There are 2 protein chains.
Amino acid sequence: MKKSSEEILSSLASQGFRMTRLRKAIIGVFTGNGLPMSAEELMDILRAGNTAFNRTTVYREIGFLKARGVINEIQFLHERVKRYELASLEHHHHLVCLRCKRVEDIVLENDLADQERSILDSKGFHVTNHMLEFHGICRGCNR
Amino acid sequence: MKKSSEEILSSLASQGFRMTRLRKAIIGVFTGNGLPMSAEELMDILRAGNTAFNRTTVYREIGFLKARGVINEIQFLHERVKRYELASLEHHHHLVCLRCKRVEDIVLENDLADQERSILDSKGFHVTNHMLEFHGICRGCNR
DNA sequence: TTGACAAACGCAACTAAGTTGCATTAAACT
DNA sequence: AGTTTAATGCAACTTAGTTGCGTTTGTCAA
């Protein structure tokens, strides 16, 4: 399910896109980091690894990877920035702790299948996707 | 459940806040409009009703009503603007049609009670709130 | 009714987060 | 090595709000 940096790069290369220095670095960061990252955080990580970059190019690369389906965009409720994570992760949701602000992944067994069926029945609305975010207090903050 | 403009205003007045011209107008717009509205849309409606206003004051009023729990903030995934709706509406979620972009409300019977229980069991994370958005094709667009 | 007080307002300037246009550079194939 | 076009870098711009600060105006008490 979760793709490696090499798999992603060679799949892009096979579609005629180039393996540039920055593209490799950015895909490396995403494959090495589970949790949703903002553009700014991504740039901090690049900086920390001494990878030179230009803001515009980073934003364009994020747009590119999003358009190719390599990463997904996430918007947390109380934030103004967009976040991104690898699209090839297992379908999951996020638990956002209101106290420590940390984000945890959660995989729901059966997910929202029941709810989506009932939406189709009651509204005739055909759900193709959903986005769900839980807020609360994590185990660590609860004692 | 759904509060009237008068109920909201008198509750605010009882807490020492003033019934200003703009506050009345804005609360009137929210109580008269079911669906989540952006600051810009709110201002369009005020303009259409010949209510004079200042951008800053509208933003401050939104902040005020949010802080007092009169309205809730919503962030749709593919949008950059924040939206707001009356907090006293019944707990519900949104169906966003990918084709016509229209937003519909949905009230789930039983909501996410099962999922939240399983999150507490498996992660020790105590969910106090959640936010859920469904994407798909609405009945109208499906024929 | 008038005064005083703080809530609310209006203006201008600022900020965060990203976007666009355009000229330049550099992967990858021939 | 040459050519093509994807990718880059810079500067300027945009959107969606925010902040500071001096002014106005509801509301309550005298």
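The values are calculated or read from the model by the stated rules, or taken from the named source; none is laboratory data. What you see is a predicted model; the values in this text were computed from it and never measured. Here the Cβ positions follow ideal geometry from the backbone for every residue, glycine too, while neighbour counts run over all protein chains shown.
Things worth noting here:
- Of all residues making up region A:109-143, the number that are among the hydroxyl-bearing types (Ser, Thr, Tyr) and under 24 Å from A:Pro36 (Cβ atoms): 1
- Check on B:Arg68, in the same structural domain as B:His130 (by TED's automatic domain parsing), touching a residue at least 24 places away in the same chain (Cβ under 8 Å) and not hydrophobic (A, V, I, L, M, F, W, C): no
- Any hit, region B:129-142, residues being within 14 Å of another protein chain (Cβ to nearest Cβ), of a type outside the set (Phe, Trp, Tyr), surrounded by fewer than 16 Cβ atoms within 10 Å (Cβ to Cβ) and within 13 Å of DNA strand C (Cβ to nearest atom): no
- One residue stands out in region B:84-101 among those that are surrounded by fewer than 16 Cβ atoms within 10 Å (Cβ to Cβ) and within 11 Å of chain A (Cβ to nearest Cβ): the one that is farthest from A:Leu77 (Cα to Cα), namely B:Arg99.
- Residue within region B:14-23 that is in contact with an Asp or Glu (Cβ under 9 Å, 6 or more places away or on another chain), within 14 Å of DNA strand D (Cβ to nearest atom), assigned to a helix (DSSP H, G or I) and under 13 Å from B:Val70 (Cα atoms) present: yes
- Only one entry of A:Glu104, A:Glu116 meets the criterion of being under 22 Å from B:Phe76 (Cβ atoms), touching a Phe, Trp or Tyr at 6+ places or on another chain (Cβ under 8 Å) and within 8 Å of chain B (Cβ to nearest Cβ), and that entry is A:Glu116.
- Here B:Gly32 passes the criteria (1) more than 10 Å from DNA strand D (Cβ to nearest atom); (2) surrounded by 13 or more Cβ atoms within 10 Å (Cβ to Cβ); (3) of a type in the set (Gly, Ala, Ser) except the one numbered (2).
- Conditions (1) within 11 Å of chain A (Cβ to nearest Cβ); (2) farther than 16 Å from A:Asn129 by Cβ; (3) outside any loop (DSSP other than H, G, I, E, B); number of the one not met by B:Asp111: (3)
- Boolean, A:Leu65 is touching a strand residue (DSSP E or B) at 6+ places or on another chain (Cβ under 6 Å) and away from every other protein chain (no Cβ under 14 Å): yes
- Residue tally, condition within 12 Å of DNA strand C (Cβ to nearest atom) and closer than 27 Å to A:Ile106 by Cβ, over region A:37-64: 8
- Tabulated pairs, region B:14-28, first more than 14 Å from every other protein chain (Cβ to nearest Cβ), second among the hydrophobic types (A, V, I, L, M, F, W, C) and near DNA strand C (Cβ under 6 Å from one of its atoms), C-beta under 6 angstrom, 6+ apart or interchain: B:Leu22/B:Phe53
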